[in-house]
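Structure, as structure tokens:
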Amino acid sequence: MKSKSKLITHTNSLNTKTPLNFSGGFESSQSALMRFPLIADNPLELILDKVFCRIDNFLSVKANLFLKIEGFNPAGSIKIKPAIRMLEALEERGEISPGYSHIIESSSGNLGVAVSLACSIKGYSFTCISDPNISLRNEQYIKLFGAELVIVKNKDENGGFLNSRINLIKRLIEENDHFFWLNQYANTDNKNAHYLSTAPSIFESFPEIDYLFVGAGTTGTLMGCAEYIRNNNLKTKIIAIDVLGSVTFDFPASKRYIPGLGTSRKPELVDKSLIDDLVLVKEEDTIKMCRELLRKKALLVGGSTGTVLAGIKAYAHKLDTAKNIVVISPDFGDRYLDTIYDDQWVSERFPSSRW
Ligand SMILES: Cc1ncc(COP(=O)(O)O)c(C=O)c1O
């Protein structure tokens, strides 16, 4: 890789393969964290790929349950890794260069924010194509990082905006030869980011993992981890969690409100043969789980983390013999204060639900 901001798979700060455990109390946690300074040359180098939080006595499983925390990453989510990898792969192939190429992508969520940050640091102009469902926060982040945000308002033949967004991108790349579409749903460098970084970070941190639970959006995270498990002959079972109403695994489409997981058009990246099992979760259960985690564990997690944990709860009867379970937590709940954590928003959309 050419640039310094490549994805680095860190060993932990003590350079051991054993996770650093903060069981000695807050004071010792602090001193352990402060033992070695972490000095980056730019925000893209601040990817913290080996941060885990154990959750005890929460789900009805005896196994150790570790949340892999991605919310501390630059731009606040796991998506900074595919954003960087997709750009750097294009650079390595000589297809884009800073100051000349213009990046374009369809996103209303974390990827749009992550690409905005990565493009700003690397010197690319960026247009993010979105729709009126984008949250105010993401709109603000994308603009603050200097990207252009285009909100598509015309609905497509399915009554949604996805095809309108894609059609606009196709027209723009046809008209402008210096425009490059990242196309995260089909781009193999999306899953490669997780194959090169997320997955090794998990398996280098724990000697034996019985189950890895991963939420499915573009399926980049899921497929990158699944390929890593297959290619390294690991015994770990990988369980996909999707949301009810998503078409990724060939179930019927229905209205969904929470961003991150689920699709209305099947991602090109998905390969069902690489996963061991699938759990579908209702959005009401996502909301209940997010709020329960906050109440009982003071953990403010994002929607997809709540979905995955709700999925594990439903799957718990199959986890009797498991010793170690890892769950990927793609972002924190601060992005969902005006949705999942807002009583009015929830009661308007899920009137019969108690949370
Ligand atoms: C919060 C959150 N969780 C999960 C995902 C799904 O990850 P992937 O697209 O790799 O399937 C995303 C994707 O944008 C996300 O933003």
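The values are calculated or read from the model by the stated rules, or taken from the named source; none is laboratory data. Every value quoted in this text rests on a predicted model; they were computed, and no experiment measured them. All Cβ positions, even for glycine, are placed from backbone atoms using ideal geometry, and neighbour counts span all protein chains on display.
If you check Thr263, Thr248, Thr236, which single one turns out to be on the phi < 0 side of the Ramachandran plot, touching a Phe, Trp or Tyr at 6+ places or on another chain (Cβ under 9 Å) and within 16 Å of the ligand (Cβ to nearest atom)?
Details: Thr248 fails: touching a Phe, Trp or Tyr at 6+ places or on another chain (Cβ under 9 Å); Thr236 fails: within 16 Å of the ligand (Cβ to nearest atom).
Going through Thr263, Thr248, Thr236 in turn, just one is on the phi < 0 side of the Ramachandran plot, touching a Phe, Trp or Tyr at 6+ places or on another chain (Cβ under 9 Å) and within 16 Å of the ligand (Cβ to nearest atom): Thr263.
Specify which of the listed residues (Ser97, Ser77, Ser130, Ser120) is closer than 22 Å to Leu168 by Cβ and either at pLDDT 95 or above or in the same structural domain as Asn154 (by TED's automatic domain parsing) (or both). Before the answer, list the steps.
Values: Ser97 fails: closer than 22 Å to Leu168 by Cβ; Ser77 fails: closer than 22 Å to Leu168 by Cβ; Ser120 fails: closer than 22 Å to Leu168 by Cβ.
On inspection, the qualifying residue turns out to be Ser130.
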Check your understanding: Taking segment 210-245, which residues are free of Cβ contacts under 8 Å to residues at least 24 places away in the same chain and crowded, with 24+ Cβ neighbours inside 10 Å?
Key -> none
Practice item. Could you grab the pairs with beta carbons closer than 6 Å, sequence gap of 6+ or different chains, first residue in segment 270-298 and among the hydrophobic types (A, V, I, L, M, F, W, C), second one at pLDDT below 95? Key: Ile287/Trp355
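Yes/no per residue for (1) outside the structural domain of Arg256 (by TED's automatic domain parsing); (2) surrounded by 21 or more Cβ atoms within 10 Å (Cβ to Cβ); (3) modelled with pLDDT of 95 or more:
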| position | (1), (2), (3) |
| --- | --- |
| Thr305 | no, yes, yes |
| Ala310 | no, yes, yes |
| Lys313 | no, no, yes |
| Lys318 | no, no, yes |
| Lys323 | no, no, yes |
| Val326 | no, yes, yes |
| Arg354 | yes, no, no |
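Taking segment 176-202 as the search range and keeping residues that are part of a loop (DSSP other than H, G, I, E, B) and among the polar types (S, T, N, Q), which one is nearest to the ligand (Cβ to nearest atom)? Before the answer, list the steps.
The first filter runs over segment 176-202 and keeps only residues part of a loop (DSSP other than H, G, I, E, B), leaving 176-178, 182-187.
Retained after the next criterion (residues that are among the polar types (S, T, N, Q)): 176, 183-184, 187.
Values: Asn176: 26, Asn183: 12, Gln184: 7, Asn187: 11 Å.
Only one residue fits best here, namely Gln184.
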Point to revise | Residues satisfying the stated conditions in segment 203-222, i.e. over 15 Å from Leu309 (Cα atoms), outside any loop (DSSP other than H, G, I, E, B) and either within 16 Å of the ligand (Cβ to nearest atom) or in contact with a Phe, Trp or Tyr (Cβ under 9 Å, 6 or more places away or on another chain) (or both) | key: Phe203, Ser205, Gly220, Thr221, Leu222
Check your understanding: Based on what the data block shows, is Leu172 in a helix (DSSP H, G or I), farther than 26 Å from Ile258 by Cβ and not basic (Lys, Arg)?
Key -> yes
Point to revise | Residue identified as away from the ligand (no atom under 12 Å from the Cβ) and buried (at least 19 other Cβ atoms within 10 Å of the Cβ) among Phe66, Phe72 | key: Phe66
Point to revise | Cβ pairs under 6 Å, 6+ apart, first in segment 108-133 and in contact (Cβ under 8 Å) with a residue 40 or more places away in the chain and outside any helix (DSSP H, G or I), second of a type in the set (A, V, I, L, M, F, W, C) and within 16 Å of the ligand (Cβ to nearest atom) | key: Ser108/Ile134
Check your understanding: Got a number for residues in segment 156-171 being within 23 Å of Gln140 (Cα to Cα) and free of Cβ contacts under 8 Å to residues at least 12 places away in the same chain?
Key -> 0
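Out of Val308, Val327, which single residue is away from the ligand (no atom under 11 Å from the Cβ), aliphatic (A, V, I, L, M) and closer than 25 Å to Ala114 by Cβ?
Selected residue: Val327, the only one of Val308, Val327 that is away from the ligand (no atom under 11 Å from the Cβ), aliphatic (A, V, I, L, M) and closer than 25 Å to Ala114 by Cβ.
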